[in-house]
């Protein structure tokens, strides 16, 4: 059977495109720190700078640890009030560097270097140097009041955006021509995140100095995480303003094996957040799964003053998930 000249030309074009893609991928991965760690199954680190859309406020800084074996991303928000050398805060260090350089990117790098040095002081495990620095645009805090959650969603969304991919590719080519061997890491990382399920993103806020070593050690060890069999304890708070919501959600969680100790109400919020209070994200993730509200998110925010593993703060996005009710919260 003979093929037409047009069919042959199409096949040749496809073969050439496949060859070009393979050569391009090989060129991108050659010398890439991320590609090497993915091949070896070792954690890779980066800094993520999240800037609020339409505002000139200081960015939020996040230390990212990606485990390629488990395809899991830990994203630790380093708060602006973190004390650095000479007792300066991270936010103050950024503003001082911005005043001196008049360049937000230079100021961000200076602040991240100081924050990384502070993490090394706090962590019981070695903190790998983060050669890659990423910038994402996030919604203002009126709609997303947990910076690590906002940054994780922005990173995941960027992996699905053709426009973002094109922008990353252009920057990578320019940086590689300038001699940066890790130039393609942001693009390769976007590809990794595209393959990673959103539930494998583990946002966290760096706790105080007493609690930070435990959290950092758990994240950086990247050990297999096996459940310990103990029931998760939780409190459920109605932040949606819908009467009886926490009571109904608490009953449903009990039926699914969660030991709900208290229900009540708290400050209003739009998004439902499930807080890990003990530095073990698995517990919050299990409650999030049991909750059955797709819009809800889990985040680690250690709080030793709580008597529970997990706090569920119900927002308006989950109000319809538990049906109507008239009873009032205690």
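The values are calculated or read from the model by the stated rules, or taken from the named source; none is laboratory data. Please read these numbers as outputs of a predicted model, since none were measured by experiment. Don't worry about glycine lacking a Cβ; one is built from the backbone with ideal geometry, like all the others, and counts go over all protein chains shown.
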- prompt: Is there any pair linking a residue in the stretch 241-259 that is more than 16 Å from residue 289 (Cα to Cα) to one that is in a helix (DSSP H, G or I), with Cβ under 7 Å and at least six apart or on different chains, and which?
  reply: 242/319; 245/319; 245/322; 248/322
message: Which condition from (1) touching a strand residue (DSSP E or B) at 6+ places or on another chain (Cβ under 9 Å); (2) surrounded by 14 or more Cβ atoms within 10 Å (Cβ to Cβ); (3) closer than 22 Å to residue 299 by Cβ is the one that residue 131 breaks?
response: (3)
- prompt: Residue check, residue 234 against (1) closer than 30 Å to residue 42 by Cα; (2) at pLDDT 95 or above; (3) touching a strand residue (DSSP E or B) at 6+ places or on another chain (Cβ under 9 Å), all met but one. Which one?
  reply: (1)
task: Output the number of residues of the stretch 151-188 satisfying the condition of being in contact with a strand residue (DSSP E or B) (Cβ under 7 Å, 6 or more places away or on another chain) and in a helix (DSSP H, G or I).
output: 8
- prompt: Considering only residues of the stretch 189-206 that are crowded, with 22+ Cβ neighbours inside 10 Å and over 12 Å from the mean Cα position of the chain (by Cα), which is modelled with the lowest pLDDT?
  reply: 189
query: residue 185 is checked against (1) surrounded by fewer than 22 Cβ atoms within 10 Å (Cβ to Cβ); (2) more than 30 Å from residue 309 (Cα to Cα); (3) in contact with a helix residue (DSSP H, G or I) (Cβ under 8 Å, 6 or more places away or on another chain) and fails just one. What number does that condition carry?
result: (1)
field: Subset of the stretch 83-108 (residues that are closer than 30 Å to residue 159 by Cα and buried (at least 16 other Cβ atoms within 10 Å of the Cβ))
entry: 90, 91, 94, 98, 104, 107, 108
task: For the stretch 211-229, indicate whether the set of residues that are farther than 24 Å from residue 81 by Cα, modelled with pLDDT of 90 or more and either touching a helix residue (DSSP H, G or I) at 6+ places or on another chain (Cβ under 7 Å) or not assigned by TED's automatic domain parsing to the domain that holds residue 140 (or both) is non-empty.
output: no
